[in-house]
Each structure stands twice: as structure tokens, then as C-alpha cells.
Amino acid sequence: DQQVKQNSPSLSVQEGRISILNCDYTNSMFDYFLWYKKYPAEGPTFLISISSIKDKNEDGRFTVFLNKSAKHLSLHIVPSQPGDSAVYFCAASARGQNFVFGPGTRLSVLP
Amino acid sequence: EADIYQTPRYLVIGTGKKITLECSQTMGHDKMYWYQQDPGMELHLIHYSYGVNSTEKGDLSSESTVSRIRTEHFPLTLESARPSHTSQYLCASSGATARDSSGANVLTFGAGSRLTVL
């Protein structure tokens, strides 16, 4: 039973436009959420996080939004760049517990 | 510059061989993890350690074993490899110094070891 879901396996966006990656979770005890980016043949790298006491966190071109009532979070990338093409993983944890990862969404930013 | 190192990056071996995947970190993190990932699938936690001489099995059952004799070192061993073990193995670490602005205990990953068993 997947606790963290990323229902879009892939997404294509034009360079300069907004990329929106979605993530849904089922465990209402989750209180920390992370986004990781992964290039082929490399390990995931940390991108941005949000705790359940907030509904938005912004870092440069990256913004994460959290809707606790819907158990949904999204990552916005504005403007999208070709170098953003990668697989993006959403991860969630309840305090003190290990992180659970989603299956990832492959983002392709077209020049 | 990587602070967590995995070797080998790629390994192709025959069925029945014993293999050890190495993982070392220089950040002094107390927690270390092994994840297994198949293409298009989520990262599955197979082992973790919260400190020296402490190891636990993760959410996904695995025939591999781990040890944590030193803080910085967390090797994974398969006594007899099989084709079903073909996968990418990712090592990660976290610690008290790895909290970000949200307070989350951020994981730092190595580059991964891609294992192919023929």
C-alpha cells in the first residue's frame, strides 16, 4: 500500500514556463515532506522541504505548497530550465520515523 | 564534492557470487540507510542504522545484510547473488547537523551502486 503517491510518471514543459509536480499521501501523521531531484546514474539530491506547520516554502525558483486537508503537496518550478530535467521524488515522514518515498515523476524541460 | 561515497558504482557478476557494496560518509552522521530502487519505482528502505552496532531491517524485505562497526562505514553484503537482486542500491546518511530550515532531518545520498546479476 503506497503511502506516498506521485500519479504522473512523466511531465513535459516548455523552457521558461512553470512546472508543477504533484504528490499525494495517505498517512495523516506525516509532518515533514522533502523533494529530491535525481539525474541518471547519480544519487538523489535534496531540493526543498516543508513541515506540516506551514503551507508554503520558497527557495529561489522552487516553491512547495502543502494542503494538509487534501493530503496533497506540489512543487512549482518557475521558470523551468533544461537543467531541471530529472526525476523528482517526494518523500514524507512522521516525527522520528524514516522517510517514505514516492515513485517519482520524470520532468522534461524542452528548449 | 561528495561527502558520502559508494563503491563500486557499477558491478556485473554471476549468480552465486558474494558481493559487498561499500558506503562511507565523512559528515559524522549517526544515521545511515540503504535503499533499493528499480527503474520507475519508489526508493525502498532495506536497512538502516541509528549508530554503531545498531542495525535494523527496513520496510522492504531483503536477503542482504549490513554491519555498522564504525560511524562512517555501512557496508551491505549479499552472500549469494541472484538475478532478482539486480537493482540500484543507494546509501544515505543523516544526523543532527543535517536539519534544514524546516527542521527536517535531510538525507544525503551517495551516487549509488548499480548491481547486475547474470
Taking chain A as a Gaussian network, where each spring joins two C-alpha atoms under 10 Å apart, which residue of A:60, A:43, A:16 fluctuates the most? A:60
Fewest Cβ neighbours within 10 Å first, please rank A:12, A:93, A:49 accordingly. A:12, A:93, A:49
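So what is the relative contact order of region A:53-111, in percent, for Cα pairs below 8 Å that sit 6 or more residues apart?
On the way: 78 pairs, mean separation 14.8, N = 59.
Relative contact order, region A:53-111: 25 percent.
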Whole-Hz couplings from phi, Karplus 6.51/-1.76/1.60, listed for region B:68-75; x for Gly and Pro: 9, 8, 10, 3, 8, 10, 9, x
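Suppose we keep just the DSSP beta bridges with both residues in chain A; what percent of those would be antiparallel, to 5? Kindly include the intermediate steps, with their values, before the conclusion.
On the way: 37 of 42 bridges.
Just about 90 percent of them are antiparallel.
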Mean-square fluctuation check for chain A, GNM, Cα pairs under 10 Å: which of A:55, A:24, A:84 is largest? A:55
Residues of region B:1-32 with amide N under 14 Å of the 7 Å Cα→Cβ point at residue A:81: none
Which of these, A:33, A:101, A:46, has the largest mean-square fluctuation under a Gaussian network model of chain A (Cα springs below 10 Å)? A:46
Of A:102, A:75, A:29, which is farthest along the charge dipole of chain A in the positive direction, counting Lys and Arg as +1 and Asp and Glu as -1 at C-beta? A:29
With the Cα gyration tensor of region A:1-53 giving a ≥ b ≥ c as the square roots of its eigenvalues, does the rule (a/c under 1.5 for rounded; else a/b larger than b/c for prolate; else oblate) give rounded, prolate or oblate? prolate
Taking R0 as 25 Å and r as the Cβ-Cβ distance between residue B:118 and residue A:108, the FRET efficiency 1/(1 + (r/R0)^6), rounded to the nearest 0.05, comes to 0.20
What does the convex hull of the Cα atoms come to per residue for region B:11-77, in Å³? 107 Å³
Assuming R0 = 22 Å, what is the FRET efficiency of residue B:69 and residue A:97, from their Cβ-Cβ distance, to the nearest 0.05? 0.30
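Which value results for Rg/Rh of the protein assembly as shown when Rg is the Cα radius of gyration and Rh the Kirkwood radius based on the inverse mean 1/r?
With Rh from the inverse mean 1/r over Cα pairs, Rg/Rh is 0.97.
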Binned at 10 Å starting from 0, the alpha-carbon pair-distance distribution of chain A in whole percents comes out as 15, 50, 30, 5, 0
Please report the base-10 log of the normalised intensity I(q)/I(0) for chain B, using a Debye sum with one equal scatterer per alpha carbon and no solvent, at each q in 0.09 (1/Å). -0.23
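Restricting to the protein assembly as shown, compute how many DSSP beta bridges are antiparallel as a %, nearest 5.
Details: 69 of 78 bridges.
Of all bridge pairs located within the protein assembly as shown, approximately 90 percent are antiparallel.
Values in this text are rule-based calculations from the coordinates and carry no lab data. Predicted model, so just to flag it, every value in this text is computed and none were measured. In this analysis, Cβ positions are derived from the backbone assuming ideal geometry, glycine residues included, and neighbour counts consider all displayed protein chains.
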